[in-house]
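K.L.:
Okay, handing you the structure first.
Just so it is clear, none of the values below were taken in a lab; they were calculated from the coordinates. Computed from a predicted structure; not experimentally measured. Glycine gets a Cβ as well: all are built from the backbone with ideal geometry, and neighbour counts include every protein chain shown.
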Amino acid sequence: MSEPIVDSYYKCYHCAHFSTNLESEYLKHGVQNHLYKPLFPNETELKRYNLRPQNKPWEKCSITEEEAIDRLAGWAEKRIREEKKRKQQDQEDKIIATFDSAPEITSINKYV
Ligand SMILES: [Zn+2]
């Protein structure tokens, strides 16, 4: 399948072939592929990870290397938490679905 080349707003800094206009898609890609790398790198992080600048607003803010590391650790943690929450939610949905489709044994028992 070949897609037309469109200039999507979110382009992955870490692999050449991922781009999207949806922030949620971009974050999902980041969680699955680059958990410990910045998705919104600033100047310091661009240098630190040897990334190609995309001239995005988040690249403009300049923080120290230490702050960059802290921030990245926080992000990774947050993303792991979100991913866990999502998986839990999936499981809960499945449990509810199982209950929904189970035969109504309780009501049958009432009349036996
Ligand atoms: Zn990527």
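K.L.:
In the neighborhood of LEU72, defined by Cβ-to-Cβ distances under 10 Å, what is the net charge if each Lys or Arg adds +1 and each Asp or Glu adds -1?
P.N.:
In short, -1.
K.L.:
Below 8 Å between Cα atoms, with a sequence gap of 6+, how large is the relative contact order for the range 10-100 in percent?
P.N.:
Values: 61 pairs, mean separation 20.3, N = 91.
Over the range 10-100, the number comes to 22 percent.
K.L.:
Give me the Debye-computed log₁₀ of I(q)/I(0) at q = 0.11, 0.19, 0.21, 0.25 Å⁻¹ for the range 10-100, equal point scatterers on Cα only, no solvent, two decimals.
P.N.:
With one equal scatterer per Cα and no solvent, log10 I(q)/I(0) is -0.39, -0.90, -1.04, -1.32.
K.L.:
While we're here: To the nearest 20 debye, what charge dipole does the range 10-100 have about its Cα centre, counting +1 at the Cβ of each Lys and Arg and -1 at the Cβ of each Asp and Glu?
P.N.:
Here the range 10-100 has a charge dipole of around 240 debye.
K.L.:
Show me the ranking of peptides 36-44, 24-32 by mean Cβ neighbours inside 10 Å, starting with the highest.
P.N.:
Put in order of decreasing packing, that is 36-44, 24-32.
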